[in-house]
Every structure is written in structure tokens, then in C-alpha cells.
Number of protein chains: 2
Amino acid sequence: MCKLHINLYLYIMDNKKQYTELLVDPSSFLPGVSIDCVVIGFDLTELNILLLQLKKHDLWMLPGGFIHLNEDMDQAATRILEERTGIKLPYLKQFHTFGDVNRRENTKFPGVNHMLGEPFEKMIAFLEKRFISSGYLSLVDIRNCAPTPDAMSDECTWIPVNLLPVLLYDHGDIVKKAMEQLRSRINYMPVGISLMPEKFTMKEFQTLYEKILNKSLDRGNFQKKMLKLEFLVRHEKKLSGGAHKAPYLYSFNKNRYNELVEKGIGYIN
Amino acid sequence: MCKLHINLYLYIMDNKKQYTELLVDPSSFLPGVSIDCVVIGFDLTELNILLLQLKKHDLWMLPGGFIHLNEDMDQAATRILEERTGIKLPYLKQFHTFGDVNRRENTKFPGVNHMLGEPFEKMIAFLEKRFISSGYLSLVDIRNCAPTPDAMSDECTWIPVNLLPVLLYDHGDIVKKAMEQLRSRINYMPVGISLMPEKFTMKEFQTLYEKILNKSLDRGNFQKKMLKLEFLVRHEKKLSGGAHKAPYLYSFNKNRYNELVEKGIGYIN
DNA sequence: ACAAAAGTGTTATCCTTACACCCATGT
DNA sequence: ACATGGGTGTAAGGATAACACTTTTGT
């Protein structure tokens, strides 16, 4: 069964962290429903996912939370994400709801049997019940992001997708499904505008696609295809990148780009 | 607010229908979570959706239900669908979870203020709470299907998608989202095997695609494309279809078809 | 001058599209 | 025989994939 609350308690007591957030009356939340966010960022080299860590137990999890009774589910996801990243209105879409009975038992907590103090009782009763969880996929510019741990964790950091640790519960499955979604719907998601910095080279843009699709693409064909779509604005050259021809910098024509994404920007092959 | 229970009560009392199902102890269900199924069938002419009707109020709704505490969400959807159609293991996939606060207020019930009898109290308390609902899309062979009304409704019938009545709550939105999903992911869904009868003509198969994509396709090109994929088995000709050349009948090579669907059968343009 | 990587060009091949043509069938 | 719709063919245009060529940079 769920031993999250036990670790919470131990953690809080050990670290004397403010824990008022955890004393929130859970009756203001929809019972049995949570939200987990797969937040993806790109550092021009690798795709990264935002994870929370309970250091004491070397336990990693996705940022998530609950839905207030007077709050739409999408609003809740936006709120939760803003709390963890400081970013308002990023690309954020629900991609799947996870409802297996045993979804919390894939990865067990390093359980310590301890009874909890009285002030937590309501929260415990709330957390102990079966939960289904809606997964939300978000694409954010890693450079605009201020990762902030929540009341339950002491780290909030970017981890490369190919170096993911074992995650809490079924969070590994949730990430996997999110990545599949990203791959198969890349043409219909604003991956460029959401994940790239203001200005970038064509190489960097191509690397983004290669990391998402998990295969290498032909340099010349990628360049020609993207340029022909006419959503890129060419700027001055970027000098001193090495002993070779300097690449141009590009930015997005946002109107044109968003139009195209609606219809699907072709780069699945 | 939700007045479903009131209508239920009136309906049951009026019709003296068996209502033991409604006295089920709702504490065996996950609270606040429901399932709604968009079941699609094809009669070789039109796409149809399976709907339930409360005749007395001329009120239509999607088949749906709740999730038992010891049941995976996908299992629940399968069970619910089997109860309404008699079909086991059809194509059935969750496509979106609807979680707006006001999702039940789009279409109001024709509300009658009435107090309910004691035996229903628990069910009422259960139903009155806010619900989120997971939408499942199912593709079934309309000829293998035995539509069966549930305890709350007195009709369960196929309605053509282009003649849908106003639906309960946000069920209209749910259908819309399902149809969008069907259209945009047609290449990755086994629409052929799931929706066509054992044997069919190329014209009928093309009509299926035209109804899903909502546009007409070139006859010759459709035929060549599908034949080149080599998942169709050609049989004897179908005679006496009219004063013209008799069309061949086809069936699916199921292994080959399912392989291709995994990778995506191309017919989005 | 040279290596390295960027930008562009070339070619063969395939796919798509729009139509045309001939064929089989029941009246 | 003939109208009707089925099966197949064709040709233009576009997209894709693989690779070659040229240009620009810092050392």
C-alpha cells in the first residue's frame, strides 16, 4: 500500500522544513484523482525531463498534484506546472489517464513503518485511497524555467531522458507514454517554438528532431525541408563556433509556424 | 446541479422496470470517476454511434458506467461495453479524460423537482458529486452487435453521426473529440478489420474512409493504394449488384493488416 | 593551406493526383 | 445495345533520400 505519507512525515520531521502545505484540508480536492506532469526541456544537446527528488531515499518522481473542487482539470495542471517552473501558459496537453488498480505498486517506497501524528490524519486518509492520474505533457523553454521543489521534495531538476532513474509508482510508464506521444505527434506539436531558444542554428534545430525521433536525419534534406516551409527567419551568422564555416542563426515566424503546426509540419519518416 | 437521480426515480416509478441495478451500493465504485464510450459502427453507408435513450424525456446519452474498486479502468470500459453490445474484446482505447468543473451543465436535464425515496440515498449522494469522465473510443462490427439498454434507459440504438440529437451533459463534446481522434489517427487504427463485415466490395471500403475523413477520395487511386499494401484477399465477384460490371469481394489478411496498422497505413492526405 | 562543418545542388526513385480507357453486367 | 459503374493504365508534378559539390571559418 501507499507509504508516501510516512516518508513525508519522516522527511519533514528530519529537515524541519515548512510543511504547512501538507496540512491543507484535502477535502478541498477531488478525491482519488491526481495529475502528473511530464515536462520536457531541450538544452540544445539532450531532451530533459523535470523531476522531483526525495534525497533521503534517492527517490525520484514527476511533478504533480491534485485538483481543487472548483477547478477544471486543465486549470489544475496549469497551476501545478506554474508552481514548479514559474512558467505561465506553456504548451500543456493531457495525453492519457492512468487507471490501473496496481499502478502504485510497480515501484515501492523504501517503506519505514511509522505512525503519523494527528495533524496529518485527514491527508493520510485522502492519500491512502486508490488514485487514477491524468498525465499532462508540457514543452517548455528550459532557459525560462525556474525549477522549484514542492513541499514533499527537496530537489527539482532537469534529468536527461536517456539517463532516467527508477521512478515512483508508474511514473516510468507515464514518461514512456508521453515520449511515444511526442514522437508520434511531433508534426502536430509546436516542438520548435516551445523548446528552442529565441535564436538557434539549423544544427541545433535538427538535433531536437533527432532526439525526439531517436534517429539521425540527413543534414541537407532537413535544412531544405525546414527552409521551404518558410517559418524560419534567417539572421546574422554566428561566428567563432569553431574552425569551419559559420552557421546562420534562425528564429521563428510565430504566426506562420503556428499556422503550419495546426495542419501538421511534416517530419515523420 | 445534477438531476439525473430525479429522472431515474421518476422513470423507474413510471415504468415499473426492474431497478435493482440502481440499488447497487455505490461504495463499490471509485467515487467521482466515470467512463463514457463512443462506440462506432459502419453499416456500409454511414458511420453510426451507439446511444442510449430515456424516451420519456427524449434524452440521449453515451453508454457509460463506473469503475469498481478492484478493477482497472480499461477493464471497466471493456465490461461496460460488453454489457451494452455483447461484444468481447473489440478495439477499445481511452482517448481523453474530461475534467471541466461544469461539464455536466452544458445540457441540462428536463428537471423535475421531486424528493427521492430512501433506498436511493446512497446512490444519490454518489451521483451528486463532481465527476470526471474518461472517454473510450470503440470500433465494432455493427452486425455482431446486440445493443442492450441499461437500467437507466429504455432504448439502445445506432444513430448516424451526422444526425446526432442533442446529448446529455458534455457528451456531444466527447463524441466530437472521438471523431477528431478517429480522423487524425485513422492510419494507426484498425478501422478496416474492426468496422467492415467479413466480405465487402472496394466501394464499400472506400465509403468507410470517406465517411471518417469527411471528404471524397479518388476511386482509382484508392483501389490501387489499398491493393498495393497487400492486406486484401480477393474473392469471387459479387453478381447482380446492378446493371454494370460486377465488383470483386474482398476480405482481410488479418496478420498482414495488423502488422501494417502498427506502422501506419497511409491514407491521410 | 587545411580541416571541419555549413550551405546548396543533383539525381534517381517513389508517391500522389487527376484523368482516361476499356471491360463486364443487367435491363 | 447501352448505360452504369468496376478495374486498370498513364502522365505530370511533387516529395524523398542519398550523396556530391562548393563555401566559409579558425587555426
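Only DSSP H runs of four or more residues enter the estimate; each adds -39500 (n - 2.57), and after division by the residues of chain A the mean residue ellipticity at 222 nm equals -9500 deg cm²/dmol.
Let me check against my output: what whole-number percent is the relative contact order of the stretch B:115-220, with C-alpha pairs under 8 Å and at least 6 apart? Don't jump to the answer; show the numbers that get you there.
Details: 33 pairs, mean separation 29.6, N = 106.
Relative contact order comes out at 28 percent.
Where q = 0.22, 0.23, 0.33 Å⁻¹, what log10 of I(q)/I(0) comes from the Debye formula for the stretch B:132-180, counting one point per Cα? Debye intensities relative to I(0), on a log10 scale: -1.14, -1.24, -1.28. Summing +1 for each Lys or Arg and -1 for each Asp or Glu among the other residues whose beta-carbon sits under 15 angstrom from that of A:Ala77 gives -4. The two copies B and A are related by a rotation, and the chain B beta carbon nearest its axis, with distance in whole angstrom, is B:Thr97, 2.
In this structure, the residue pairs whose Cα-Cα separation is over 26 Å, taken from A:Lys88/A:Lys254; A:Lys122/B:Lys177; A:Lys93/B:Lys228; A:Lys176/B:Lys225; B:Lys199/B:Lys225, are A:Lys122/B:Lys177; A:Lys93/B:Lys228; A:Lys176/B:Lys225. With the largest listed first and rounded to whole Å, the semi-axes of the equivalent ellipsoid of chain A from the Cα gyration tensor are 40, 18, 16. When only Cα pairs below 8 angstrom with a gap of at least 6 residues are kept, chain A shows a relative contact order of 24 percent. For A:Glu230, the point set 7 Å out from Cα toward Cβ sits 4.1 nm from its twins in the other copies, listed from shortest up. The alpha-carbon of A:Lys56 sits under 12 angstrom from the alpha-carbons of these aspartates and glutamates, leaving out residues fewer than 8 places away in its chain: A:Asp14, A:Asp154, A:Glu155.
Oblate is the label for the stretch B:190-263. Its Cα gyration tensor axes, ordered a ≥ b ≥ c, give a/c of at least 1.5 and b/c at or above a/b. Entry note, the stretch A:190-263: relative contact order of 36 percent, from Cα contacts under 8 Å with a spacing of 6+ residues. Remark: the A:Asn162-A:Leu227 segment gains 20.4 nm on full extension, using 0.36 nm per residue and subtracting the alpha carbon distance.
Ranked from shortest, the separations from the 7 Å Cα-to-Cβ label point of B:Val166 to its equivalents in the other copies are 5.6 nm. Counting, for every residue in A:67-75, the Cβ atoms of other protein chains within 10 Å of its Cβ and taking the mean gives 4. Remark: label point of A:Asn255 defined 7 Å out from Cα along the Cα-Cβ vector; separations to the same position in other copies 5.6 nm, ascending.
Listed by chain and number, the aspartates and glutamates whose C-alpha is less than 18 Å from the C-alpha of A:Lys263, apart from same-chain residues fewer than 8 away, are A:Glu230, B:Glu180. Straight Cα distances below 13 angstrom link B:Lys238 to the aspartates and glutamates B:Glu204, with same-chain residues fewer than 8 positions distant left out. Between A:Asn255, A:Asn221, A:Met196, the Cα set farthest toward the positive side of the dipole of the stretch A:190-263 (charges on each charged residue's Cβ, about the Cα centre) is that of A:Asn221.
Using the Cβ-Cβ distance between A:Asp25 and A:Lys176 with R0 set to 22 Å, the FRET efficiency works out to roughly 0.05. Arranged from fewest to most other beta-carbon atoms within 10 Å of their beta carbon, B:Thr201, A:Thr78 become B:Thr201, A:Thr78.
Each value in this text was obtained by applying a stated rule to the coordinates, not by laboratory testing. In this text the structure is predicted, and so the values were computed from the model without any measurement. Using ideal geometry, Cβ is built from the backbone for each residue, glycine included, and neighbour counts are taken over all protein chains shown.
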